Amino acid sequence: MLAAYKGTPDDEGESLADTVAILRSTMGGGFGRWLPQASFLARDDSGRSVGAIVTALEDDGTPFIVFVFVAPDRGGQGIASGLIGRSCRTLCESGYSTVRLWVNTANERAVSLYRRLSFVDVVG
């Protein structure tokens, strides 16, 4: 996560300790109840972690994609799309018909990905 966000509009200068604390908080309910069944880790053929998606359930009952990140050297290979697709399929199979996420509009690459995957802009 730390390496994936470095140099992007989402980089706020976090340290490794900050990143670990953010993930612990997320899994502890910081963004709603963590949904481990819809959160996934992507590994390459050697077993190296190359991406992840972390999903939670917001207070209103809507699933929320909290984080999606991919190793910088593996960008553009469909890993994020695959993680999002797997998470959304799992949520659909669990009875959810909507999933929400927040994106920094300055992160044009992420915005493009979400639009390509048929997410729609909702303001308010």
Please identify the pairs in which a residue from the range 98-124 that is over 24 Å from Gln77 (Cβ atoms) and without any contact (Cβ under 8 Å) to a residue 60 or more places away in the chain has its Cβ atom under 6 Å from the Cβ atom of a residue that is surrounded by 12 or more Cβ atoms within 10 Å (Cβ to Cβ) and not hydrophobic (A, V, I, L, M, F, W, C), counting only partners at least 6 apart or on another chain. Thr98/Thr62; Arg100/Thr62
When the range 99-123 is examined, which residues are found to be part of a helix (DSSP H, G or I), closer than 19 Å to Ala4 by Cα and not aliphatic (A, V, I, L, M)? Glu108, Arg109, Ser112, Tyr114
Kindly list the number of the only condition in (1) of a type outside the set (Asp, Glu); (2) assigned to a loop (DSSP other than H, G, I, E, B); (3) at pLDDT 95 or above; (4) loosely packed, with under 12 Cβ neighbours inside 10 Å that fails for Tyr96. (4)
Across the range 54-82, what is the number of residues that are of a type in the set (Gly, Ala, Ser) and closer than 20 Å to Ser97 by Cα? 4
For the range 14-37, check the following and say yes or no: at least one residue is of a type in the set (Asp, Glu) and not in a helix (DSSP H, G or I). yes
Please work out which residue is nearest to Pro72 (Cα to Cα), limiting yourself to the range 6-45 and to residues that are among the acidic types (Asp, Glu) and surrounded by 15 or more Cβ atoms within 10 Å (Cβ to Cβ). Asp10
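The values are calculated or read from the model by the stated rules, or taken from the named source; none is laboratory data. Everything numeric in this text was worked out from a predicted model, so none of it was measured. Glycine gets a Cβ as well: all are built from the backbone with ideal geometry, and neighbour counts include every protein chain shown.
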